[in-house]
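Everything below concerns the one structure shown next.
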Amino acid sequence: MTKSIDLSNLPDMIDKEVAEAYIEYRKVTLKKPLTQYGFNSAMKRAMRGLEHGVDPNVVIDECMDSGWQGINVNWVVNKLSKQPQTLPTLEASLEFKPGRLTKDEMLELDKHNLIQKRLTMIRQGLVEQPLQEFIEHCRFLGIEI
């Protein structure tokens, strides 16, 4: 099914099943199979959902549900903001599973991971926010990094 697309560089926050579903959606439903470069680019765009508080998996699912060929976070945020319910956030997308971390523990871990990922994105120039501004914002919120 996903022989030609390498998932080894898939961002941690994107579920393998969602990525495989997107590959299959592009290949079977749209008849527009992805190249490795196209897949990597689409996953990077999905990760930008974090900047809007939207789980990247939700971004991918919404794009497929809407019949869109590509991944566009702005379209997803705009679409979801017009719906009566609130935007699906990382917190809302967490499910409690017995034997695993509690929801509060997962949220704390996600907060730490998101901060680290955001710092990495800033350092790599993937977002335009200055590093010092981000650090000051975290401190203002009481988050030490």
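Charged neighbours of Glu17, selected by a Cβ distance under 12 Å, balance to -3 (K, R count +1; D, E count -1). Extension gain, Asp15 to Thr35: 0.36 nm times the residue separation minus the Cα-Cα distance gives 5.3 nm.
Taking the average, over residues, of other Cβ atoms within 10 Å as the packing measure, peptides 41-53, 67-79 rank 41-53, 67-79 from highest down. Placing one identical point scatterer on every Cα of region 1-90 and ignoring solvent, what is log10 I(q)/I(0) from the Debye formula at q = 0.22 Å⁻¹? Values, matching the q order: -1.06.
Values in this text are rule-based calculations from the coordinates and carry no lab data. None of the values given here were measured: they were computed from a predicted structure. Methodologically, a virtual Cβ is constructed for each residue, glycine included, from the backbone with ideal geometry; neighbour enumeration extends over all protein chains shown.
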